[in-house]
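Values in this text are rule-based calculations from the coordinates and carry no lab data. Keep in mind it's a predicted model, so treat the numbers as computed, not measured. Here the Cβ is made from the backbone with ideal geometry for all residues, glycine too, and neighbour counts use every protein chain on show.
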Amino acid sequence: MKIRSVESFPVWVGHRNQLLVRVTTECGLTGWGESGLSGRELAVMGAVDHFRELLVGQDPRRIGAIWQMLYRSQYFEGGRVLTAAISAIDIALHDVKARALGVPVYELLGGRQRDRIPALATTFAPPGEAMLDEARAFLAAGFQAIRLQRGGGRRVDEHDDIYEPREAIAETAEWLVRARAALGSAVVLGVDFHHRLTLAESASFCQKLPPGTIDFLEEPMRDETPEAYEALRRQTPIPFALGEEFASKWQALPYVERHITDFMRLDVCNIGGFTEAMKVAGWCEAHYIDLMPHNPLGPICTAASIHFAAAVPNFAWLEFNRSRFRPPPQIEIDLFRGRPVLDGASFAVPDGPGLGIDIDETLLTRDTFRSWNPPMLRRRDGSVTNW
């Protein structure tokens, strides 16, 4: 079996692109992957084009060797663009191999360890009574873990938002305390600050929360400096949920070995595909760290994350932003046949070959490429801050 072609497709789904990668073999087998680097699809497509020259003619079943070849094929290894491309290719290769064998992808990863994949629900209303109503609805639907919204953002126009961290801290802390009182002590509650705070701001936020208010604090700061998180750890006992920005096992290493994170938020579509994700999962198991994968993308990412979650012992919840409270756009339903659908508050582990998703390829080129950028957040003084 040899690889005949490697192609990438930026598909506009809802409000942004999903970058799909298709690997096709000479015998006609097809596998699909997805890149997690939203908003920089053209850069990832360029990397896929470079990798294509190395991949055509290779045996797609030699997934580990291909990963090493792609990663080591240039002097300047790594980086989010290259690893996002490798991730999509690696997922597609697993899909090809599993389809060739007639087994689900998780059988390539050691076999299933669970039958259901519990989901992490996320409220979308800003801090306030509407947010609490959403959380109550999730709780009534059976969700055991809920991520609540941070405050502080104010829309200026379609491109810019004002974000003042200190205002966000005060507003978010107030409503998290109310949420815990309203929802009870049994439900797992967390909040994601999307790396918008400094060390001092993060510490101030934690100090405003009575013990037991939240069960995890997600991404309060950027990940470039592990020492900053070590300093924050010394100032608060709140568990951290970190890792969605990680683009390799090496980036995850200090957070695992120094036990800076309590929930690993790796993204299968960014960290290097299944090949890297399984290595990080093993490190986390040895350090008693549970996995809570980042999953804000499309059905390919969700399917890949489900197979990954099924095959690891140390799994907590899978992020999922679609539910009966927030249905997908019609194009997503039409394009992805066999896409994962939430069943109550969890996903059933599939039994079909590969990832279990087929693509309606007639819809792949329906639209031309649309450029998309995340909102640009600014302080009131005009300075740029993190989205």
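Data for the structure
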{"read-out": "Filtered residue count, the range 332-374, keeping only those that are free of Cβ contacts under 8 Å to residues at least 60 places away in the same chain, part of a strand (DSSP E or B) and in contact with a helix residue (DSSP H, G or I) (Cβ under 7 Å, 6 or more places away or on another chain)", "value": "1"}
{"read-out": "Selected residue (only one of Arg258, Arg265 is over 12 Å from the mean Cα position of the chain (by Cα) and of a type in the set (Lys, Arg))", "value": "Arg258"}
{"read-out": "Cβ-Cβ under 6 Å pairs, at least 6 apart or on other chains, the range 100-122 side on the phi > 0 side of the Ramachandran plot, far side surrounded by fewer than 19 Cβ atoms within 10 Å (Cβ to Cβ)", "value": "Gly102/Pro353"}
